[in-house]
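Undergrad: The structure follows.
Read the figures in this text as sums done on the coordinates, not as results from a lab. Just so it is clear, the model here is predicted, and its values are computed rather than measured. So basically every Cβ, Gly included, is an ideal-geometry build from the backbone, and we count neighbours across all protein chains shown.
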Amino acid sequence: MRIGPYKLDNTLFVAPMAGVTDRPFRMLCKRLGAGYAVSEMVTSKRELWDSLKTSRRADHVGETAPIAVQIAGVDPQEMADAARYNVQRGAQIIDINMGCPAKKVCKVWAGSALMQNEPLALAIVRAVVDACAALDVPVTLKMRTGWHAEHRNAVALALAAQEAGVAMVTVHGRTREQGYGGQAEHHTVAAVKAALHIPVVANGDINSAAQAREVLRTTGVDALMIGRAAQSRPWIFQEIAYELRHGVAPPPPHVLQVLEWLLEHLDDHYALYGEHVGMLSARKHIGWAVSALPGGRDFRDHMNRLTSSAAQVAALTVFLQKLAQHQLRWPALSTAPRAATAATGLVADPGVDHRSTDPYACTDAAEAVV
């Protein structure tokens, strides 16, 4: 599969998630099998481009190509300027955000709120495509099925975006009204795929190879985009790719292998954010990783009281090394919430539901310090 001139390694993508898919996390997911990753959204407001938050979001040092940056805003000229700015900072693909359901975004008519105003949405698409065409940079679009169940206009908007020159469309199978609740429906995604000749990507509730296979079968899409499931299992991409290719699930990774991946990710994370902010923002990543493990809840509570990156690394190392003494491999997803280790007396956290994790909701607390 290609996006413009870029041939992708595979068709399993990392979804853009605010407060989550920063450069260290994108690089981790790419290393663990993702063929493509889109940055967390960058504002189109020029007065915020020099802020520390935006500069971190526009950091692509060491990231493998293609580098895709998602921009969000409501003014066509501002969005065009933001596209040019991010291309100057290293972006090779620009993605337009029309899918974010967060209230703080929608209340200013950005994100999925744009689907209520098709003329403005298309004006933004045309302005960004025109700006990027002069730079030989492809533009993609991420949207929802519509604003609410009675107004699913994804097909019409996707067709218009294709005509305007968009190179790929991703559809999250929920309306804005749904947020992240309920179940994603992919009938609308299938209708978008049937109507378009450019690549179409399905997003929403894809957290296993079985679900990936079913979405591919029922929609015929060109690729799959995975978001929240990757927060706790960034190796999900290589797992799904293996099972789709071979027809059987691979064995879970070794606990000590996961520890190595997490420590490398944390090292990169601290380097980007610095000691204090990095320590605070790393809590969510560590929490996601251990949440379904035996003793995960207690460890997460303990880790959240630590006040240095060194203490976090040491605690995580001891915790997972202790787990590895009693089980070689990471608990499988289907059994992890019920897993318990009699030898350690640790009990898994039964209250964790990874699908209910709203990355935009958790971002507010994270961004307060980031």
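Undergrad: Rank-order 112-125, 261-274 by packing density, defined as the average count of other C-beta atoms within 10 Å over each peptide's residues, highest first. Spell out each step's value before the answer.
TA: Details: 112-125: 20.0, 261-274: 17.6.
Sorting 112-125, 261-274 by mean packing, highest first, produces 112-125, 261-274.
Undergrad: Sticking with this one: Taking amide H positions as placed 1.01 Å from N in the peptide plane, with prolines and chain starts having none, which residues 5 or more places from Ile206, or on another chain, fall under 5 Å of its amide H?
TA: The answer is Gly227.
Undergrad: Charges at C-beta only: +1 for Lys and Arg, -1 for Asp and Glu. How large is the resulting dipole of the chain about its Cα centre, in Debye rounded to 20?
TA: 440
Undergrad: Could I ask something else about it? Specify the inter-centroid distance of the range 293-326 and the range 134-187, based on alpha-carbon positions, in whole Å.
TA: 40
Undergrad: Report the dimensions of the range 1-97 along its three principal axes from the alpha-carbon atoms, largest first, rounded to Å.
TA: Largest first, the range 1-97 extends 36, 26, 19 Å along its Cα principal axes.
Undergrad: Among DSSP beta bridges lying fully in the chain, give the percent that are antiparallel, nearest 5.
TA: Counting DSSP beta bridges with both partners in the chain, the antiparallel share is about 15 percent.
Undergrad: Can you give me the Cα centroid spacing of the range 1-24 and the range 193-217 in angstrom?
TA: Here the two parts' Cα centres lie 15 Å apart.
Undergrad: For the chain, how many pairs of lysine residues have a Cα-Cα distance under 15 Å, where the two are 8 or more positions apart or belong to different chains? If you can, show how the numbers build up before the last one.
TA: Values: Lys7/Lys30; Lys45/Lys53; Lys45/Lys104; Lys142/Lys193.
Lysine pairs meeting both conditions in the chain amount to 4.
Undergrad: Determine Rg/Rh for the chain; Rg is computed over alpha-carbon atoms and Rh is the Kirkwood hydrodynamic estimate from the same atoms.
TA: 0.96
Undergrad: Determine, for each peptide in 72-85, 298-311, 16-29, 174-187, the mean count of other beta carbons within 10 angstrom over its residues, then list the peptides with the highest first.
TA: Ranking the peptides 72-85, 298-311, 16-29, 174-187 by packing returns 16-29, 72-85, 174-187, 298-311.
Undergrad: What percent do you get for the relative contact order of the chain when only Cα pairs under 8 Å and 6+ apart count?
TA: Relative contact order here is 15 percent.
Undergrad: Follow-up question, since we're still on this one. How do Thr218, Thr145 rank when sorted from fewest to most other Cβ atoms within 10 Å of their own Cβ?
TA: Lowest to highest Cβ neighbour count: Thr218, Thr145.
Undergrad: For Ser39, Ser291, which order do you get if you count the other beta carbons within 10 Å of each Cβ and list the fewest first?
TA: Fewest to most other Cβ atoms nearby, the residues stand as Ser291, Ser39.
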